[in-house]
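Sharing a structure below in structure tokens format, with a few things to ask.
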Amino acid sequence: MKTKITDISKTKKEIEVEIDSKEMEEFVEKAVQELASEMTIKGFRPGKAPREVVENSVGKDKVWAQAAQKAIEETYPKIIREKELFTLSQPEVQITKTAPGNPLHYKATVYTMPEIDLPDYKDISEKVLKKEGMEVKVEKKEIEETLERIRESRAEKEEVKRGAKENDEVTLSFTGKMEGKDAMKEENLTFTIGDGQFDILKGFEDEIKGMKEGEEKSFEIETPKESPNKELAGKKIDFQVKMEKVKERKLPQLDDQFAKSLHQNISSLKELKEKIEEGIASEKKNSQEEKVKTEILKEIMEKTSFEVPQILIEKELDNMIEHLKNQLSQSGVSYDKYLEQIKKSEEELRKEWEKSAKENVATALILYKISEEENIEVEDQEIENEMDKHFKMTGRKKEEENEENLNRLKAYIYDVLKNQKVFNLLLKK
């Protein structure tokens, strides 16, 4: 067997193969046996008919065609192994010369892993870590602000007969007219004065402050010319408002009892503050870690030049489109309707996203290359543990999933765990 490999690009190769007539005899015999086992020939047991009988029954061309297919199926993987090619796609095979009793010629075009010459990624991570740091600090003010938000979320609401003021929860009904026509109408709308819900209608909240339950009021406001709502920008609106209810928000006392009411494992206000501090520190640490990871990857990519295989970019675009479809489906919006709303075709969307897809693939390839350099592996038990966590969290049963979904999940978890190990190395964790 003769082979010749030609680089079409840095990530695409053409493999030319010639299998001489003598070597082809092995595949012809295999083809004969397969065809014989599928045929019923009088006087012969299944699979036992001699070659001449099979060829006379189905024709030499059919035997040869099947032999050629078997030759390709067996020789192509062997070539890939011997030449140590990391292929990224199924080959596009073209038979260029074929005739019974003659050599078989075929070409296989395939995408391969690009050559990635990594910079000193450990030195890069060292410098980024030194520059950005991983230490985080929690200010007392942050703890107090979080504590106040928790306190406000537990506020009780009590109806009052006084006029409405800042931080009161009010329920009102109103109509708004522009140029004599109804522009907006609400019945029993409940909101908190000062929460920003009516920022677009500047002056509205100032007008309703002081109104008591059952009171009605008419007033006019002019919206800002720079309003994000172009239909309302710079317009005069006449409002007729009725205050339905006014509720005062009463905040709970900040003490040990309040802390205990939040969680059975918290016994004091001091302990609550400690838990809040731990939570803020954890969030900051995660945020800083993401920032450092992004910076390290950015600098590695800037110092690494390689061709990103188009086939992987297309696969990533397929994944991005599929993800979008799932999100839209969960929101009750059809994909076609979405494209209609944004006035774009899928082809235009893919073109718009191609740069991001290319960056995603480049990042994945760099992480893969580092994992190879560092001999990073993921144990089967690690994958099983993560799968158990996944099914426990989702409430689904592993044994009820089909094999395809399980294999897809395993592959995803493998990639996630491997990348985590790469980042742990870079972050010195």
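The values are calculated or read from the model by the stated rules, or taken from the named source; none is laboratory data. Since this is a predicted model, take the numbers as computed values, not measurements. Note that each Cβ is placed from the backbone with ideal geometry, even for glycine, and that neighbours are counted across all protein chains shown.
Scan segment 119-128 and tell me whether some residue there is out of contact with any Leu (no Cβ under 8 Å at 6 or more places or on another chain), within 30 Å of Val32 (Cα to Cα) and either of a type in the set (Val, Ile, Thr) or in contact (Cβ under 8 Å) with a residue 24 or more places away in the chain (or both).
Scanning segment 119-128 turns up no residue that is out of contact with any Leu (no Cβ under 8 Å at 6 or more places or on another chain), within 30 Å of Val32 (Cα to Cα) and either of a type in the set (Val, Ile, Thr) or in contact (Cβ under 8 Å) with a residue 24 or more places away in the chain (or both).
Among the residues that make up segment 154-161, is at least one of them among the acidic types (Asp, Glu), closer than 30 Å to Ile280 by Cβ and in contact (Cβ under 8 Å) with a residue 60 or more places away in the chain?
For segment 154-161, residues among the acidic types (Asp, Glu), closer than 30 Å to Ile280 by Cβ and in contact (Cβ under 8 Å) with a residue 60 or more places away in the chain: present.
Need at least 2 residues that are farther than 30 Å from Asp123 by Cα and of a type in the set (S, T, N, Q) per element, so show me which helices (runs of 4 or more DSSP H) inside segment 326-429 make the cut, counting only ones lying wholly within it.
380-394, 403-426
Over 23 Å from Leu251 (Cα atoms), at pLDDT 90 or above and loosely packed, with under 12 Cβ neighbours inside 10 Å, is that true of Lys137?
Yes; evaluated as a whole, the condition is true for this residue.
Does Ala183 count as closer than 30 Å to Asn229 by Cα, modelled with pLDDT of 95 or more and of a type in the set (A, V, I, L, M)?
No.
Within segment 205-214, track down each residue that is over 18 Å from Gly194 (Cα atoms) and surrounded by fewer than 16 Cβ atoms within 10 Å (Cβ to Cβ).
Gly214
Residue by residue through segment 1-31, note down the ones that are outside any helix (DSSP H, G or I), free of Cβ contacts under 8 Å to residues at least 40 places away in the same chain and surrounded by 13 or more Cβ atoms within 10 Å (Cβ to Cβ).
Passing the criteria: none in range.
Further, regarding this structure: Of the residues that make up segment 377-385, is at least one farther than 24 Å from Met301 by Cβ, β-branched (Val, Ile, Thr) and in contact with an Asp or Glu (Cβ under 8 Å, 6 or more places away or on another chain)?
no
Could you list, in sequence order, the residues of segment 79-108 that are surrounded by 12 or more Cβ atoms within 10 Å (Cβ to Cβ) and in a helix (DSSP H, G or I)?
Selection gives Ile79, Ile80.
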